[in-house]
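The values are calculated or read from the model by the stated rules, or taken from the named source; none is laboratory data. Keep in mind the model is a prediction, meaning the values are calculated, not measured. Cβ atoms come from the backbone with ideal geometry, glycine included; neighbour counts cover every protein chain shown.
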Amino acid sequence: MNKSYDEEFASISGLSCNPWVGNLFKDSAYKLLIMGQSNYGYEGEIDNISKNKNFTREIIEYAINPVGNKGKWKTFLNLYKLLTGRSTVPEEDIQNIWDKVCFYDFVQKVMTKDDSGRTKQPEYEDYVDGIPVFKQLIKVLEPDACLFIGVSAAKAFCNDPDYGSKIIRGKQSVGGVYPRTGLIELDNKEISLYFMHHTSGANRSFKCEEWREHILEYYPNILSPFGKS
């Protein structure tokens, strides 16, 4: 993990949890920023998680080095398949994936989950609150593309004065969900935005192959750090 951005992260208003930055991200020819939806915790954990600046990084550490089933979350397992095109990704290759990307959760507010594992979903205002953080963060990271796990944030982007006219809803659905895409400029650099179905895919609703095909057709560079075959 690369901590060279941490001093700049500390100056970002509203950023409560430091992003994961892979060791190869900063010097990558194509810098991919991946955004999850939010962090979650049981009612009694929320306060401690909210105060833990490295919680997201600890989650990724578990994803790289699982302890039992902790770290083998469907959200990430499907993400690996999407990025690599392989039905199963060996554990030794997972480190390589995380080395190449930056990751943070768009909603900085920690959401609750109950004893059955059901989670409270962020509200529209939570996504609106995430946009100022995003604007500051991309100035620091200078990504080439931003891959959103989930389309829920797109509505807030559509209503933002800077981004609203730049977000396009796909004409055809992919696996029952319409992708949203956009192209924004930052200091004369173009940054691609791609909002896709959440990879947690309840009831096997996430259609990995279809989403990968769509990205390869319209935004192939997003997959370039991982090979596109």
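A few remarks follow.
So that you can scan it fast, the table gives a plain yes or no per residue for (1) farther than 25 Å from ALA154 by Cβ; (2) part of a loop (DSSP other than H, G, I, E, B); (3) in contact with a Leu (Cβ under 8 Å, 6 or more places away or on another chain); (4) not small (Gly, Ala, Ser):
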position: GLY14; (1), (2), (3), (4): no, yes, no, no
position: LEU24; (1), (2), (3), (4): yes, yes, no, yes
position: TYR30; (1), (2), (3), (4): no, yes, no, yes
position: GLN37; (1), (2), (3), (4): no, no, no, yes
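- Scanning the range 110-169 for residues that are over 21 Å from THR199 (Cα atoms), touching a residue at least 24 places away in the same chain (Cβ under 8 Å) and of a type in the set (S, T, N, Q) yields GLN136, ASN159.
- A count restricted to the range 29-58 and to residues that are under 16 Å from LEU137 (Cα atoms) and either modelled with pLDDT under 90 or β-branched (Val, Ile, Thr) (or both) stands at 2.
- Test: residue in the range 199-207 that is closer than 20 Å to ALA154 by Cα, at pLDDT 95 or above and either surrounded by fewer than 14 Cβ atoms within 10 Å (Cβ to Cβ) or in contact with a Pro (Cβ under 9 Å, 6 or more places away or on another chain) (or both): no
- Members of the range 97-148 that are in a strand (DSSP E or B) and aliphatic (A, V, I, L, M): VAL101, VAL107, VAL110, MET111, ALA145, LEU147
- Filtered residues of the range 58-74 (kept if surrounded by fewer than 15 Cβ atoms within 10 Å (Cβ to Cβ) and either within 16 Å of ASP93 (Cβ to Cβ) or touching an Asp or Glu at 6+ places or on another chain (Cβ under 9 Å) (or both)): ASN65, LYS72
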